[in-house]
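*Asks:* After the structure tokens below, expect a handful of questions from me.
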Amino acid sequence: MTDERTGDALWPALRRLPPGSGVVFRHYATPPADRRALFARVRRIATARRLMLVVAGTQRLGPDATHGRGPAGAHPTTWPAHSRREAIAGVVRGATTLFVSPVFATRSHPGIRPAGVMRAAQIGGGLSIRIVALGGMDPRRFRRIRRQGFDGWAAIDALHPRVRDQKWKAVPR
């Protein structure tokens, strides 16, 4: 997942992703012209490294796959799910992958109570769609929760060492 907070740490993170991984290009707050230029650079790296590139937001940036409610008429490839209702909406809309979040406390959603592993697993459980854990995820946490039905994990902070090492306040459960 890309994010304005990562700055230039985005480039080494993209280069560390293994071929076959995916990138959800967000950068919602970036002005449109700058967003298009940044997207073009991310697309070049994604193509060269055989990474799936998914675009979030309503700005059309090309024929790439979309995340959530993209531009009018766009078919979503990935879908955000914070509840069972949102998970079902993603399946109905034809998404192939759900990002269930936040599983753990995360700086991306400060003050939001994390779902926790079991609740997050219930959000996407039993649906005929890939389930990806998001929110406070890192490789260690994924190894711990993968048997709960998650097909993969996604991150912003865990891929960027300078951001990853900063602390955030966890919301009590």
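*Asks:* Could you list log10 I(q)/I(0) for the stretch 1-114 at q = 0.20, 0.22 Å⁻¹, which the Debye formula gives when each Cα is one point scatterer?
*Replies:* Treating every Cα as an identical point scatterer, log10 I(q)/I(0) equals -1.21, -1.37.
*Asks:* As I understand it, the dipole of the stretch 1-156 uses +1 on the Cβ of Lys and Arg and -1 on the Cβ of Asp and Glu, about the Cα centre. Which of Val23, Phe142, Gly124 lies farthest toward its positive end?
*Replies:* Phe142
*Asks:* Next question. Okay, which of the stretch 2-27 sit inside 15 Å, backbone N to the point 7 Å along the Cα-Cβ direction of Asp151?
*Replies:* Residues 20-23 fall inside that zone.
*Asks:* Dividing the alpha-carbon radius of gyration of the stretch 87-152 by 2.2 N^0.38 Å (N being the number of residues), what value is obtained?
*Replies:* Here the Cα radius of gyration is 1.06 times the empirical estimate.
Read-outs: derived from the displayed coordinates by stated rules, not from any lab. Because the structure is a prediction, the values reported are computed rather than measured. When we count neighbours, we look across all protein chains shown, and the Cβ atoms used for this are built from the backbone with ideal geometry, even at glycine.
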